[in-house]
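See below for the structure under consideration.
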Amino acid sequence: MHTRLLSPDDQGLAIACDWLSQGDVVAMPTETVYGLAGDARNATAVARIYEAKGRPSFNPLIVHLPDQVAAERIAHFDESARALARAFWPGALTMVLPLREEAGIASLVTAGLDTVALRVPAHPVAHALLERFGGPLAAPSANPSGRISPTSAAHVADGETGLGGRIPAVLDAGSCPVGVESTIIGWIGGKPALLRPGGVAVEDIQAVLGREVVLPEINPDAPNAPGQLTSHYAPRASLRLNADEARPGEVLIGFGEVDGDLSLSPSGDLTEAAARLFDLLRQADAMGRPIAVATIPERGLGAAINDRLRRAAAPR
Ligand code: TXA
Ligand code: MG
């Protein structure tokens, strides 16, 4: 695949929107770093983000929106969240908030959590793209997993250290003015917590809130902070891996030739399987029986799927 550099004019934005509407991914400039954007409502598009980044696990992604009105359709805001939005949006602040059930966000975006990370970016090109696309864009930093975040289109398009050859297009708007990722704030037990330091100073956030922002405790069971997400979404039912067939009473989630009550992908397509993973786990869990899952190959997105399944199957 050839990665095209698009100028951020009317024509470039139109091409970017075409890719996004088809469920593909496009790198976009934001004031913090370049993001790899996909339609947050389209599970296949979100799976392609993970695929292009080569992420070994499904960390939840930030959903980008054009304005507060659009953000309120996705998550529940209380007074303190609104105060932060008024003070820092558009800008380098991300807030983790309770997801609205009717928001229509693909469960792969939130890794099955009932919270969602939202941001209204200030960059004029990101804003123009969001306005024109007319839907929420999930976008992690546009770098291969484990590499440094990109602050120019050239970083993104690099074939060695970037995503060159792995994504169709990058909107090129030069270098990012902030250059570090957004600050992430969540609420833990009603208290504002710093989940990731970033482009907005925590002192400024405390000044707006009129209270201290706490540092989250390292707790592997609290899926609140980046890097602490060992338990993303654990089904209530027990989970058995590498199943060839269902044992009595089990719901079987199949893949490829292993045909189950549900199937991650009858054709054995790992992108499709990733896109369906969290929804199928929920569906199987709702049946109230033990769950068995077919073997998923460890290549490509299979590594991330297996990482997620192993966590869900871990004794608790
Ligand atoms: O500046 C930025 O924030 C850039 C630009 C592109 O907007 N985006 C970015 O996204 O840094 P990403 O995916 O690299 O970082 C998202 C972080 C992850 O560390 C993730 O764990 C956390 O946000 N996160 C997302 N949703 C969450 C949730 N529901 N609960 C807790 N943490 C969440
Ligand atoms: Mg990142």
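Protection proxy ranking, highest mean first, for peptides 144-157, 24-37: 24-37, 144-157, where packing is the per-residue count of other beta-carbon atoms within 10 Å, averaged. Close amide H partners of residue 158, meaning residues 5 or more places away or on another chain with modelled amide H under 5 Å apart, are 163, 164.
Short-range pairs are left out: with C-alpha atoms under 8 Å and at least six residues apart, the relative contact order of the chain is 21 percent. Compared with the dominant principal axis of the Cα atoms in the chain, helix 43-53 is inclined by about 70°. If both residues of a DSSP beta bridge must be in the chain, then about 50% of such bridges are antiparallel. Label region 11-156 by shape, choosing from rounded, prolate and oblate, from the square roots a ≥ b ≥ c of the eigenvalues of the Cα gyration tensor; if a/c is under 1.5 it is rounded, and otherwise prolate applies when a/b is larger than b/c, oblate when it is not. Here region 11-156 falls in the rounded category. Peptides 273-280, 294-301 ordered by packing proxy, namely the average of other Cβ atoms within 10 Å per residue, highest first: 273-280, 294-301.
Which of rounded, prolate, oblate describes region 239-313, given a ≥ b ≥ c as roots of the alpha-carbon gyration tensor eigenvalues and a/c under 1.5 marking rounded, otherwise prolate only if a/b is larger than b/c? The shape class here is prolate. Distance from the Cα centre of region 1-73 to that of region 138-158, in angstrom? Measuring centre to centre over Cα atoms gives 12 Å. The ellipsoid that matches the Cα gyration tensor of the chain has semi-axes, each √(5λ) in whole angstrom, of 32, 25, 16, with the longest given first. Entry note, region 4-178: relative contact order of 37 percent, from Cα contacts under 8 Å with a spacing of 6+ residues. For the chain, the longest principal axis of the alpha carbon atoms and the long axis of helix 124-133 meet at an angle near 50°.
Every number in this text was worked out from the coordinates using simple rules, so none of it is lab data. A quick note: this is a predicted structure, and the numbers were derived from the prediction, not measured. Cβ: placed from backbone, ideal geometry, glycine included. Neighbour counts: every protein chain shown.
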